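Single-structure report; data block below.
The values are calculated or read from the model by the stated rules, or taken from the named source; none is laboratory data. The structure displayed is predicted, hence computed values, not measured ones. Note: ideal-geometry Cβ built from the backbone for every residue, glycine included; neighbour counts use all protein chains shown. Note: accessible area is taken over every heavy atom of the protein model, side chains too, but ligands, DNA and RNA are not part of it. Shrake-Rupley method; radii C 1.70, N 1.55, O 1.52, S 1.80 Å.
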Amino acid sequence: MKIGIVCSPGGHLTEMLQLTSAFREHDVFLITYNENFLNLPKEIKKIYRIENLLIKYPGVARIKKGIILFVHFFLLFIKELHILIKERPDILISTGSEIAIPAFYIASLLNIKKVYIESVCRIDDLSFTGKAVYRISDLFIVQWKKLAERYSKAKHLGNVLVPKRAHINQSKMAKKNVVFVTIGTAPFDRLIKLADEISPELEFYEMVIQKGRTKYNPKNAKYFSFVPEYKDIIHFNMNSKIIISHGGVGSIILALKYGAMLILFPRLSRYGEHNDDHQLEIAKFMKHSGLSEVAHTKGELYSLVTSLANYPANYTKTLRKLAKKIEKISKNNETNLPDNLKRALEGITW
């Protein structure tokens, strides 16, 4: 069976990578944006890269943004039409974002089965992309039961946040006294500036900032925009004791996977940092579940970082609590999304 994957880099692709065991035995190709911060999976040999106009023109006026959106979707349609006619997959799968919209409508015209997996960060409502492809999807998967109850067509098959058998093996970790700040691709001036201001107050820790396309260059902390390879981001997650991140699901998954103390500083729509507040939704869940801390102001961020960085006993105690929490949630996780997805894919082609 041939499977096409279409999704954005970053968090959307990170979520998809948690599910690769579901289609490892099949012929798989990927359609994604050609971005610097690209976590390309080794198990997928054929990759089509499309330029992303939206990331090149952030913060433009509404009229100009409308024109850019029209051109962007038109070019996506042309390029994805060519790819899908050439490849003719049996199934097209996506975790978002808008790169999936033209591809799903093209797939409908070509009688290709379509599976959409809503992002785990969508807790209260569907994303723009989810709503756009909901009615035409042959299988629509959500990662929270409340969404399955709200949308009759949606199926809840588990989630990628804390999968079964997840645990933190503290004995094998050789973490360094590093606070790693990561924001993905889009600019996030507010967080980068605040983190840089806090950096001199850390007595025993070094701060390293991944600033993406943020124009502000930190004056106190070490920084870089992007890494040459995705394994370098893995390295920072494995070796940093504390991670400060926007509410991006990719950053959350990696921090939990490699046992770092996570502080979320979500982007907010009222500051023009995102088009909605879905990062706030996932941040609230993470805080309530005991999987991370959450900050919204400089004072809150300063208090959380210094309490962990400047007081080693606090860090050790909090990490132990996190390890127990992840183990408990994992044991109570009745559904395994990769296994359930594999069975669903086999059923959808009958």
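Below, the figures for the structure above:
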{"read-out": "Extreme residue, farthest from residue 144 (Cα to Cα), among residues of the stretch 259-312 that are assigned to a helix (DSSP H, G or I), hydroxyl-bearing (Ser, Thr, Tyr) and in contact (Cβ under 8 Å) with a residue 40 or more places away in the chain", "value": "306"}
{"read-out": "When residues of the stretch 210-222 are limited to those that are in contact (Cβ under 8 Å) with a residue 24 or more places away in the chain and either surrounded by fewer than 17 Cβ atoms within 10 Å (Cβ to Cβ) or not in a loop (DSSP other than H, G, I, E, B) (or both), the one nearest to the chain's Cα centre (by Cα)", "value": "210"}
{"read-out": "Where a residue in the stretch 83-96 is among the charged types (D, E, K, R) and its partner, wherever it lies, is in a strand (DSSP E or B) and open to solvent by 10 Å² or more (accessible area, probe 1.4 Å), with Cβ under 8 Å and at least six apart", "value": "87/2; 88/2; 90/2; 90/113"}
{"read-out": "Residue in the stretch 232-252 that is under 18 Å from residue 10 (Cα atoms), free of Cβ contacts under 8 Å to residues at least 40 places away in the same chain, within 16 Å of the chain's Cα centre (by Cα) and open to solvent by 20 Å² or more (accessible area, probe 1.4 Å) present", "value": "yes"}
{"read-out": "When residues of the stretch 193-209 are limited to those that are touching a strand residue (DSSP E or B) at 6+ places or on another chain (Cβ under 6 Å) and assigned to a helix (DSSP H, G or I), the one surrounded by the fewest Cβ atoms within 10 Å (Cβ to Cβ)", "value": "199"}
{"read-out": "Top-ranked residue in the stretch 144-160 [being out of contact with any helix residue (DSSP H, G or I) (no Cβ under 8 Å at 6 or more places or on another chain) and not charged (D, E, K, R); ranked as most open to solvent (accessible area, probe 1.4 Å)]", "value": "152"}
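For (1) at pLDDT 90 or above; (2) touching a Leu at 6+ places or on another chain (Cβ under 8 Å); (3) outside any strand (DSSP E or B), each residue gets a yes or a no:
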| site | (1), (2), (3) |
| --- | --- |
| 3 | yes, yes, no |
| 6 | yes, yes, no |
| 9 | no, yes, yes |
| 24 | no, no, yes |
| 28 | yes, no, no |
| 31 | yes, no, no |
| 35 | no, no, yes |
| 39 | no, yes, yes |
